[in-house]
1. Out of 42, 75, 83, 59, report the one residue that is modelled with pLDDT of 95 or more and in a loop (DSSP other than H, G, I, E, B).
2. Looking at the structure I just gave you, is residue 365 touching a helix residue (DSSP H, G or I) at 6+ places or on another chain (Cβ under 7 Å), free of Cβ contacts under 8 Å to residues at least 40 places away in the same chain, surrounded by fewer than 18 Cβ atoms within 10 Å (Cβ to Cβ) and over 24 Å from residue 439 (Cα atoms)?
3. Please determine, by comparing only the residues of region 78-92 that are under 16 Å from residue 133 (Cβ atoms) and within 24 Å of the chain's Cα centre (by Cα), which one is surrounded by the most Cβ atoms within 10 Å (Cβ to Cβ).
4. Can you name every one of the helices (runs of 4 or more DSSP H) wholly within region 289-361 that holds 1 or more residues which are surrounded by 13 or more Cβ atoms within 10 Å (Cβ to Cβ) and without any contact (Cβ under 8 Å) to a residue 60 or more places away in the chain?
5. Among the candidates 158, 133, single out the residue that is assigned to a helix (DSSP H, G or I), under 27 Å from residue 65 (Cβ atoms) and not assigned by TED's automatic domain parsing to the domain that holds residue 64.
6. Given the conditions (1) outside any helix (DSSP H, G or I); (2) touching a strand residue (DSSP E or B) at 6+ places or on another chain (Cβ under 8 Å); (3) surrounded by fewer than 21 Cβ atoms within 10 Å (Cβ to Cβ), report the number of the one that residue 122 does not fulfil.
7. Given the conditions (1) closer than 30 Å to residue 429 by Cα; (2) within 21 Å of the chain's Cα centre (by Cα), which single one is not true for residue 134?
8. Out of all the residues in region 238-268, which are over 18 Å from residue 123 (Cα atoms), in a loop (DSSP other than H, G, I, E, B) and modelled with pLDDT under 95?
């Protein structure tokens with residue numbers, strides 16, 4: 001047993017009722033900012049499986065302390081939401097960081113399996129309605145009476161848009177589609193509503209689903225806050241969390257009508273479709289910036305995981321969704337000229353390494369190392385596509401920028417600055433330029449990603 005497991009066993013002995021011994025602690029895959037561990041132990045003489053949620057130690061100002069997240073789970077359970085039972089909250093004396101121990105739930109959390117596996121064929125049609133019911137119960141919680149006042153940050157839609165926009169601008173990386181979307185959001189703010197307890201990350205991937213009962217667990221409450229409840233409804237519809245099922249807006253498993261019917265059945269409230277669309281657009285905007293935050297944490301040295309820069313490149317998927325939602329239209333991307341050189345090109349060398357990592361190395365490694373090898377293979381493939389497509393796309397982008405009015409010079413930085421300074425969103429050629437630019441980047445970063453094509457968001 002290593003030092004961490006020895007410290008963990010001592011912590012469990014101090015704080016977990018009925019604890020006898022720890023047989024095994026296994027760190028599971030996934031979780032970019034929080035670790036999840038499967039604990040095999042004996043309690044009151046009976047073998048039991050529990051779950052440890054533990055902070056990675058990185059500093060994320062927008063994420064809640066573990067003790068607050070544990071309290072949220074307790075409040076949610078009291079309101080009848082499907083959540084794991086909190087059994088112990090770690091304290092500084094335990095010496096293993098922030099975290100808490102909770103009951104183990106059986107089910108599936110991988111979004112791609114939930115949307116595509118035959119195992120869930122019979123339960124998928126019920127999931128969107130269940131999401132609506134669960135969110136209605138969540139938003140009906142009296143968060144002040146539950147003692148959450150002061151623990152959670154409150155924010156209006158405008159404050160969220162401006163804070164996200166400012167955070168992106170601080171990176172100094174011009175992404176004009178992000179600036180365009182921020183402007184659109186600020187010009188289409190929804191009407192004020194009574195603030196509610198909001199999960200903040202309610203989506204496919206943070207829901208545990210069983211084949212028989214549907215949603216048996218709502219997980220990852222670290223982004224919860226007080227605000228517009230429709231934000232949660234919009235986030236579960238955001239295209240990045242449909243896992244290739246762009247035709248089913250709610251998590252890739254159901255229609256919006258079912259989501260809203262479930263919500264109304266419990267809350268008695270109807271949700272305005274324009275209000276919902278605002279938050280779906282915000283979801284793609286916010287996810288784009290979240291991806292850049294991941295990249296920044298790698299560059300700063302705060303988190304040098306191979307996963308962070310790979311997630312950073314997913315910023316293009318959110319931007320492509322924003323473009324499709326706000327300025328849909330036809331696309332025609334330039335193709336690179338074929339090479340006559342018999343020597344292997346740079347992209348061919350990189351693709352060969354990506355295939356080796358993904359097809360051979362990953363299969364020989366256990367658990368999380370296999371997953372990270374696949375992430376590494378994906379990163380090498382991105383570099384290969386950039387070597388192949390990047391020069392032609394950059395030349396085409398510069399040519400389009402020369403034709404845009406209102407720019408000090410034909411650069412991304414100049415366009416981003418002009419949008420921040422009030423360049424009209426209907427400037428001639430702007431929409432087409434943004435569409436082509438973000439889809440060109442998507443062709444490099446995520447060529448298999450299915451973009452939302454309907455500007456009405458299917459609502």
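1. On the way: 42 fails: in a loop (DSSP other than H, G, I, E, B); 75 fails: in a loop (DSSP other than H, G, I, E, B); 59 fails: modelled with pLDDT of 95 or more.
Of the residues listed, the single one that is modelled with pLDDT of 95 or more and in a loop (DSSP other than H, G, I, E, B) is 83.
2. On the way: touching a helix residue (DSSP H, G or I) at 6+ places or on another chain (Cβ under 7 Å): yes; free of Cβ contacts under 8 Å to residues at least 40 places away in the same chain: yes; surrounded by fewer than 18 Cβ atoms within 10 Å (Cβ to Cβ): yes; over 24 Å from residue 439 (Cα atoms): yes.
So residue 365 fits the description; yes.
3. Kept after step one, since they are under 16 Å from residue 133 (Cβ atoms), are these residues of region 78-92: 79-83.
So of that shortlist, the ones also within 24 Å of the chain's Cα centre (by Cα) come out as 81-83.
Values: 81: 20, 82: 21, 83: 24.
Among those that are under 16 Å from residue 133 (Cβ atoms) and within 24 Å of the chain's Cα centre (by Cα), it is 83.
4. Values: elements: 307-312, 315-326, 346-356.
It comes to 307-312, 346-356.
5. On the way: 133 fails: under 27 Å from residue 65 (Cβ atoms).
Result of the check over 158, 133: 158.
6. (2)
7. The one condition residue 134 does not meet is (1).
8. Of everything in region 238-268, those that are over 18 Å from residue 123 (Cα atoms), in a loop (DSSP other than H, G, I, E, B) and modelled with pLDDT under 95 turn out to be 244, 246.
The values are calculated or read from the model by the stated rules, or taken from the named source; none is laboratory data. Bear in mind that the values here come from a model prediction, so they are computed numbers and not experimental data. As a convention, Cβ positions derive from the backbone with ideal geometry for all residues, glycine included, and neighbour counts pool all protein chains shown.
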